[in-house]
Amino acid sequence: LSFFNRNLLDRDTFSKSDPICVLYTQAIGNKEWREFGRTEVIDNTLNPDFVRKFIMDYFFEERENLRFDFYDVDSKSPNLSKHDFLGQMFCTLGEIVGSQGSRLEKSIVGIPGKKCGTVIVTAEELGCCRDSVLMQFCANKLDKKDFFGKSDPFLVFHRSNEDGSFTICHKTEVIKNTLNPVWQAFKISVRALCNGDYDRTIKVEVYDWDRDGSHDFIGEFTTSYRELSRGQSQFNVYEVINPKKKGKKKKYVNSGTVTLLSFLIETEVSFLDYIKGGTQINFTVAIDFTASNGNPSQPTSLHYMNPYQLNAYGMALKAVGEIIQDYDSDKMFPALGFGARLPPDGRVSHEFALNGNPQNPYCHGIDGVMEAYYRSLKSVQLYGPTNFAPVINHVARYAASVKDGSQYFVLLIITDGVISDMAQTKESIVNASKLPMSIIIVGVGPAEFDAMEELDGDVVRISSRGKFAERDIVQFVPFRDYIDRSGNHVLSMARLAKDVLAEIPEQFLSYMRVRGIKPSPAPPPYTPPIHVLQTQI
């Protein structure tokens, strides 16, 4: 994270403020702020561009609250209460990352009646470890090791560790009965090959394969990523040496040679590359209004409207929605219900708008969704059956219209779990697996959720009429696994969100990869306007 301020408050009488920025993070579950780090102090400016950057871990599935405090430093004291407070700004890490170009600009608040200026925070993913390499090797005149035929050679690659030991990181396939094999090209991450250290030794051993597993050692050579990266050249022809033979035979030259045929670097794109390039995540929620939930006016009902705390539906909705909303710039979320009889005529609907407007089911923010949910509970009659396919198809229609990678859709279904249209739902999911969408199902209440586990497809990939889903797009969790015995709902909801959202970035990437969609270029990095430096006299 990098920070810039504009138009800070001036607290010094004879010169301008000498600002510092202090970053605090909040532990999940308790509201305690902990200091994460401080920038340097920049003298005599109201528009500081701080040089010191903060490196933080980012997880899509976690909500990381941040607080930035600004002070005018008046002495050498590390104690912040000795300096003038210039205001503060609150946001989440997701908000910064999810902003256009991963650049968030917000007003500084905290001093009543004063304009405290703005802060600009930019986020940049550290990209040192995202490269993979595609390499191909061949060998010539390897030693003959088999009595009846030639050798059956394969290569084993090892990376060296800090302590001088070696760890195996790749084995090629075996090529039968030849002393001049050409192996298939293989792909390996730079991290696995040399831990990202281009000069670290890579040891390659050549073996002759034997059926009984006692493979014969032909010889070995060493190289490094830097050497290999020169590509096909005279530098990348290696003599295969067998130290035992070398020690015994005076005339020993080598046990053959291995040649690098090609070397291609591929940078793996990450979830954040797409977000930074402007891909929006659209969040839709669908709520189960079937009679099996119980009468909303009774405390035993899963839809009970307790004035003092959220019910299970509200908690699940808030937990997941508050994280996803950071990645949706307009913060307008369609909210649907299913399994209820609607006024005025009591017809049963499996995809009705919670806000009562079928033409425009969008609600503003997660709070707007909650409000519409409570309003619906008062106006509709819980009924049945429990059909998922209509809401899945509803979101799929939108997803089918934007397959260019600019949008991705996440549908959250909250249900008490007894599903009536299993065959149609499976069909909908198999069709949706070709679209830019993921489905999260949260099961509330005490029911058996076997059918939901089947939809999740983690154990057996879901299929319908002999067609299998192209990718795994469903994530199911039972709400009861997250109820915190101590009543700390903040913590239990953070755990719930973590588990249901953790698979989304990988599902998102799998869609983009299969479709060959590359991230849009990010807008140019923010460079603050140049200020004339005032020289102190």
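The values are calculated or read from the model by the stated rules, or taken from the named source; none is laboratory data. Remember, it's a predicted structure, so these values are computed and weren't measured experimentally. Heads up, the Cβs are rebuilt from the backbone with ideal geometry, glycines too, and the neighbour counts pull from every protein chain shown. Remember, those area values only see protein heavy atoms, side chains included, never the ligands or the DNA or RNA. Shrake-Rupley method; radii C 1.70, N 1.55, O 1.52, S 1.80 Å.
Computed from phi, the 3J(HN,Hα) profile of the stretch 339-349 under the Karplus parametrisation 6.51, -1.76, 1.60 (θ = phi - 60°) reads x, 10, 9, 9, x, x, 9, x, 6, 7, 10 Hz, with x in place of Gly and Pro.
Taking a straight line from the alpha carbon of Lys114, these lysines sit under 18 Å away, with near neighbours fewer than eight places off in the same chain left out: Lys16, Lys106.
If a/c stays under 1.5 just call it rounded; otherwise compare a/b with b/c (prolate if a/b is bigger, oblate if not). Do that for the stretch 280-515, with a ≥ b ≥ c from the square roots of the Cα gyration tensor eigenvalues. Kindly include the intermediate steps, with their values, before the conclusion.
Numbers: a/c = 1.36, a/b = 1.30, b/c = 1.04.
Since a/c stays below 1.5, the shape of the stretch 280-515 is classed as rounded.
Computed with a 1.4 Å probe over protein heavy atoms only, the accessible surface of the chain comes to 49 Å² per residue. Shape class of the stretch 307-372 from the Cα gyration tensor (axes a ≥ b ≥ c, square roots of the eigenvalues): oblate, since a/c reaches 1.5 or more and a/b does not exceed b/c.
For the stretch 280-515, carbon and sulfur atoms together expose 53% of the accessible surface, with a 1.4 angstrom probe and every protein chain in place. The chymotrypsin sites (Phe, Trp or Tyr not before Pro) of the stretch 282-321 that DSSP puts in a loop, and whose beta carbon has at most 16 other beta carbons within 10 Å, are Tyr308.
Considering only DSSP beta bridges with both partners in the stretch 280-515, what is the antiparallel share in %, to the nearest 5? Of those bridges, close to 30 percent are antiparallel.
Comparing the stretch 131-267 with the 2.2 N^0.38 Å rule of thumb, its C-alpha radius of gyration ratio is 1.04 (two decimals). Once the Cα-Cα distance is subtracted from the 0.36 nm per residue extended length, the Lys378 to Val459 segment shows a gain of 25.2 nm.
For Val240, nonlocal amide neighbours, meaning residues 5 or more places apart or on other chains whose placed amide H falls under 5 Å from its own, are Ser255, Gly256, Thr257, Val258. With contributions of -39500 (n - 2.57) from each DSSP H run of at least four residues, the per-residue ellipticity at 222 nm computed over the chain stands at -6000 deg cm²/dmol.
At 0.36 nm per residue, and after removing the present C-alpha to C-alpha distance, how many nm does the segment from Gln232 to Asp163 gain when stretched out fully? Intermediate results must be reported in sequence, preceding the final value.
Working: separation 69, 0.36 × 69 = 24.84 nm, distance 3.08 nm.
Gain in length upon complete extension: 21.8 nm.
For trypsin sites (Lys or Arg not before Pro), the sites in the stretch 367-459 that DSSP calls loop and that have at most 15 other Cβ atoms within 10 Å are Lys403. Using alpha carbon coordinates only, what is the Rg to Rh ratio of the chain, with Rh defined as the Kirkwood radius? Ratio of gyration radius to Kirkwood radius: 1.08.
For the stretch 77-178, state which chymotrypsin sites (Phe, Trp or Tyr not before Pro) are in a DSSP loop and have at most 14 other beta carbons lying within 10 Å of their beta carbon.
Values: sites: Phe85, Phe90, Phe137, Phe147, Phe148, Phe154, Phe157, Phe166; in loops: Phe147, Phe148.
The qualifying sites are Phe147, Phe148.
Normalising the average separation of contacting C-alpha pairs (under 8 angstrom, six or more residues apart) by the number of residues puts the relative contact order of the chain at 12 percent.
For the residue pairs Lys203/Lys498; Lys318/Lys426; Lys276/Lys434; Lys53/Lys434; Lys176/Lys467; Lys331/Lys518, alpha carbon separations beyond 31 Å are given by Lys203/Lys498; Lys53/Lys434; Lys176/Lys467. Rounded to the nearest 5, the antiparallel percentage of DSSP beta bridges internal to the chain is 75%. What nm value, rounded to one decimal, do you get for the distance between Arg515 and Phe90 when each label is placed 7 Å out toward the C-beta? With each label placed 7 Å out from Cα toward Cβ, I get 3.7 nm.
Label zone (Asn195, point 7 Å along Cα-to-C-beta; backbone nitrogen cut-off 12 Å) within the stretch 126-159: 159. Dividing the Cα radius of gyration of the stretch 2-122 by its Kirkwood radius returns 0.96 for Rg/Rh. One quarter of the surface of the convex hull around the alpha-carbon atoms of the stretch 213-308 equals 17.5 nm², the direction-averaged projected area.
Can you send over the carbon and sulfur percentage of the accessible area for the stretch 34-105, probe radius 1.4 Å, protein chains only? With neighbouring chains kept in place, the figure for the stretch 34-105 is 49 percent.
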